[in-house]
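The values are calculated or read from the model by the stated rules, or taken from the named source; none is laboratory data. What you see is a predicted model; the values in this text were computed from it and never measured. A quick note on method: Cβ atoms are made from the backbone with ideal geometry, for glycine too, and the neighbour counts reach across all protein chains shown.
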Amino acid sequence: MRERLRIAGFAGAAVVLVVLIPILGWAGPPRPAVIGTDRLGPDSGEPVADYLARARDSLRGDDSGEHWALVTLTAGIVPNDIPKTVAGLRVSQVIYHVPINHVYTPPITVPTPADDTAVIASARAAAGALDASESFDARTAQTTAVMAARLHIPCRCAVDLIIRGTLPELRTLTTHPNIRSVEALPPNASAGAFAIFPLLPEQTDTVTPGPDDGSVPAR
């Protein structure tokens with residue numbers, strides 16, 4: 001029961017984040033809900049090696065269209081380093097994960113327009129959303145406070161990116177020393193109509209949540 005409440009509390013923080021982005025003026029006009037079957041990222045419980053092979057296979061082809069793609073990083077980076085890491089390609093979402101040893105922390109997704117300034121400010125938006133969130137229990141509240149404090153710094157916590165580029169551009173990104181994988185959708189995939197399941201740097205064997213049996217630090 002306690003774990004369900006903690007997850008519900010973190011879900012509340014995500015809702016706050018979704019509300020905050022339009023307030024900041026970073027999102028475009030609301031678009032109708034679209035039900036799609038496309039997805040990016042590994043399956044729960046999938047061996048990481050299998051997912052990395054699937055990601056490589058998704059970059060095969062010679063079409064000239066642009067593709068939405070998930071970039072997973074070997075290690076987290078600060079927001080200022082995002083534009084150069086993806087060679088200036090369009091970044092539509094930044095996924096942050098604040099790692100705390102033996103404490104569960106959820107990824108936080110921040111939508112961004114086609115503007116490097118907003119991309120660099122995305123950690124501040126994530127931190128502000130966490131600051132404004134409410135928690136169901138003391139552990140969740142303390143965990144949320146630590147996540148927000150580290151994102152305010154900002155920490156090296158940008159771990160996954162949703163970008164748009166051609167297959168040759170996406171294949172070139174795989175040569176970057178801190179890019180672990182790039183997975184592309186078909187060129188006809190619609191923006192906002194695909195699910196995203198991030199791969200985290202600490203997931204090296206199978207895609208499973210880490211332990212939640214440690215004490216939460218003060219900061």
Give the number of residues within segment 137-161 that are surrounded by fewer than 23 Cβ atoms within 10 Å (Cβ to Cβ), touching a residue at least 24 places away in the same chain (Cβ under 8 Å) and under 20 Å from Ile95 (Cβ atoms). 7
If we keep only residues of segment 69-116 that are more than 24 Å from Arg219 (Cβ to Cβ) and among the acidic types (Asp, Glu), then the residue modelled with the lowest pLDDT is Asp115
Which of (1) in a loop (DSSP other than H, G, I, E, B); (2) within 14 Å of the chain's Cα centre (by Cα); (3) among the polar types (S, T, N, Q) does Thr109 not meet, given it meets every other one? (1)
Six or more apart or on different chains, Cβ atoms under 9 Å: show the pairs whose first residue is in segment 113-136 and under 23 Å from Gly192 (Cβ atoms) and touching a residue at least 40 places away in the same chain (Cβ under 8 Å) and whose second is polar (S, T, N, Q) and assigned to a helix (DSSP H, G or I). Ile120/Asn80
Of the residues that make up segment 137-145, is at least one under 23 Å from Glu66 (Cα atoms), part of a loop (DSSP other than H, G, I, E, B) and at pLDDT below 95? no
Can you tell me which residue among Ala14, Ala27 is at pLDDT below 95, within 15 Å of the chain's Cα centre (by Cα) and surrounded by 15 or more Cβ atoms within 10 Å (Cβ to Cβ)? Ala14
Among what's in segment 60-99 and is over 13 Å from the mean Cα position of the chain (by Cα) and crowded, with 19+ Cβ neighbours inside 10 Å, pick the residue that is nearest to Gly214 (Cα to Cα). Thr85
Identify the single condition in (1) in contact (Cβ under 8 Å) with a residue 60 or more places away in the chain; (2) crowded, with 18+ Cβ neighbours inside 10 Å that His102 does not satisfy, given that it satisfies every other one. (2)
Take the residues of segment 173-219 that are out of contact with any helix residue (DSSP H, G or I) (no Cβ under 8 Å at 6 or more places or on another chain) and not in a loop (DSSP other than H, G, I, E, B): which is surrounded by the fewest Cβ atoms within 10 Å (Cβ to Cβ)? Ala195
Could you list, in sequence order, all residues of segment 105-120 that are among the hydrophobic types (A, V, I, L, M, F, W, C) and surrounded by 18 or more Cβ atoms within 10 Å (Cβ to Cβ)? Ile108, Val110, Ala118, Val119, Ile120
